[in-house]
1. Show me, for region 373-385, the HN-Hα J-couplings you get by feeding each phi into the Karplus relation (A = 6.51, B = -1.76, C = 1.60, θ = phi - 60°), rounded to Hz, glycine and proline as x.
2. Cα atoms only, region 4-246: Rg and Dmax in Å?
3. Using only the alpha-carbon atoms, what does region 530-656 span along each of its principal axes? Please give whole angstrom values in decreasing order.
4. Leaving ligands, DNA and RNA out of it, work out the accessible area of SER185 with a 1.4 Å probe and give it in Å² to the nearest 10.
5. Just to confirm, what accessible area per residue do you get for region 4-246 at 1.4 Å probe, in whole Å²?
6. Could you tell me the center-to-center distance, by alpha carbons, between region 468-517 and region 283-301 in angstrom?
7. Taking the simple approach of a point 7 Å from Cα along Cα-to-Cβ for both LEU424 and GLU495, what is their distance in nm?
8. Consider just the alpha-carbon atoms of the chain and return their Rg together with their Dmax, both in angstrom.
Amino acid sequence: MKIIELKDIRKTYSMGKAAVAALQGVSLTISPGEFVAIMGPSGSGKSTLLHILGFLDRPDSGEYILSGKNITKLTNDQLALLRNSLMGFVFQQFHLLPRITALENAELPLIYAGKRHLKAKAMDKIKDVGLAARAGHRPNELSGGEQQRIAIARALVNDPLVIFADEPTGNLDTKSQTEIMAIISGLNKKDKTVVMVTHEEEVAGYARRIIRMRDGKIISDDKNKDVRQEPAAVAPDISIDKIISGSREEIKRAELADHFRQAFWAIVSHKMRAILSMLGILIGVAAVIAMLALGAGARESIQKQLASLGSNLLMVRAGSQQLHGVSLGAGVVTRFTFQDVDAIEKIHGVKIVSPTVNGGAQLVYGNKNWNTQVQGTGVNYAQMHAAAPTIGRFFKEEEVRMRARVAVVGTTVIKQLFGDADPLDAYIRMSRITFKVIGILPPKGATGWRDQDDVVVIPVTTAMYRLTGKQYIDSIDVEVSDISSMDEVQKAIKELLIKRHHLTKENEDSFEIRNMADIQQALQATTKTMAWLLGSIAAISLLVGGIGIMNIMLVSVTERTREIGLRKAIGARESDIMIQFLIEAVTLTFAGGAAGVVFGAGIALLLSLFAGWTIKISIFSILLATIFSIAVGLIFGLWPAHQAAKLDPIEALRYE
Ligand code: ADP
């Protein structure tokens, strides 16, 4: 009766050009209940043999028959399942995970077996090794002997078929050695099969059978005469096929919870590092949230304002100011005069007309200064732009004719110049000319980028002849009496202006007429440009943030190489390791994203509070930012997670 049968196992390592034959045709059987010690000088192949016995490593040739089934050709994941349920490992360096308690260390194999609910078993095993009082301690609070006892409890938690011990007392003092060997031989007395590698005769003395190796071959295989040989135990009833086809559904769920916990601890134990690596994501997401909020706010208030303007307005402007303000005209600019204004007013279907001249000026009142935008307009401006003052009055036709020095002032300007003083009938100086304040414009609010109340409106004639020295009108606003005749009127104005200015076909675009639909369109185009801009900022910062995350994850994988080796040894499959690291990366980016949302919303709120900007934080933008930050974690965590998953368990365990 045998549980393990090796047939002519060979393993060669190539080190550079030289090939080291670590095992040269090893054949061996192990029966249930045996306690085998593998001995031999250093380099004789003991560890290699133990790793192959525990299928942590694969032979180059030969056959491995486990409980009657040839397992030489199984996949890595199938072997991981077998390791998890049939094998328990005890290593010279203990390999306990440092950040979790002794009890949690002992529970680890249960996670990969989907038996998290059997947690009480881990405590039982810790009691068996006599450490119940220390179960809540971290490994660094335990002595070497105690750590090894916890490692033995971990090896036992899944009730393995065979315990593999690789120099289990190699790092321990004599007293601990005696304790550990007592535990191991005690296990064997309870019919547990044990295979142990050691180079110490004293330790090997506990075994019932001693195999000696030299140069990759078995040179002797004897019963230990000093130990009483009892009859072999009954063969345990195991089905390899059932184990390797085991359902993993339940396992997944138990594992996920554990991975999240692990990710949380990994982040918490490297707070500074985690925060720094999250920063890229945080800034990217914050920028996007803030700018989307401002953009949406601006759009909303512009639209509100457009709606208040009425949809029956036409705007005639000099030059071919294209949608984005880039003049495409060939240098010819039509200059409008008051005769043009009069002529347009006479067109059938036109209700009222108002000329406009734009400029800027330095305003002075008392000892206060303010630089603002000046609009010279006709009297109809108030009606067309819903700008009739609620305090004071607008200027009259008479005042326009007289080039009167009167001003209707926006609320921002009032605030800056007068503070709490009464502005009405006060005299202000504008570019050294004295103006009388006759009215206050109704407040319109900011459009996000531009404060519409930061303006002074004066008669167009005053603006041209006294203030700016302009000879011509910049633009003419036309209100059409009936919205259905918009197109007709627009066409009529165009023909009129072409005729009046003797324009040829080529320079017909030296002026343009825009209606509300055009402006809406222009607005949409601007919004689109802004969206692209935001998109690129987001993409770049998320990319940079993602690379930061990838970098830190690669560091994390390197740091935890031995942990990965240990996890693989106790039965984690490649996908388990992969998921573990992906979850860690996603936790990082998600946390960064969440912080970014809060931060971005905070910035937007501050801007609205202190700068008076209109903002609108949408659920959509928050959702988008969250999805993106998770996606960044997945994408940039993939490579480090893959690196971790494909580590060779033996090499990982040996990593210094
Ligand atoms: P022991 O455990 O008896 O000291 P090992 O099984 O560790 O021996 O090693 C047997 C031989 O194989 C040694 O010569 C060792 O240098 C070589 N060897 C073991 N592992 C590797 C490896 N990963 N790469 C190259 N050579 C190795």
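1. 9, 10, 10, x, 9, x, 5, 6, 3, 4, 6, 5, 10
2. Every Cα atom of region 4-246 included, Rg and Dmax give 17.6, 53 Å.
3. Dimensions of region 530-656 along the principal axes of its Cα atoms: 63, 24, 23 Å.
4. Estimated to the nearest 10 Å², SER185 gives 10 Å².
5. Working: 10310 Å² over 243 residues.
About 42 Å² of surface per residue is accessible.
6. 36 Å
7. The two pseudo-label positions are separated by 4.9 nm.
8. Here Rg and the maximum Cα pair distance are 42.1, 129 Å.
The values are calculated or read from the model by the stated rules, or taken from the named source; none is laboratory data. The structure presented is a predicted model; accordingly, all values stated were derived computationally and were not measured. Neighbour counts run over all protein chains shown; Cβ positions are idealised from the backbone, glycine included. Surface accessibility is based on the protein's heavy atoms, side chains included, excluding ligands, DNA and RNA. Shrake-Rupley method; radii C 1.70, N 1.55, O 1.52, S 1.80 Å.
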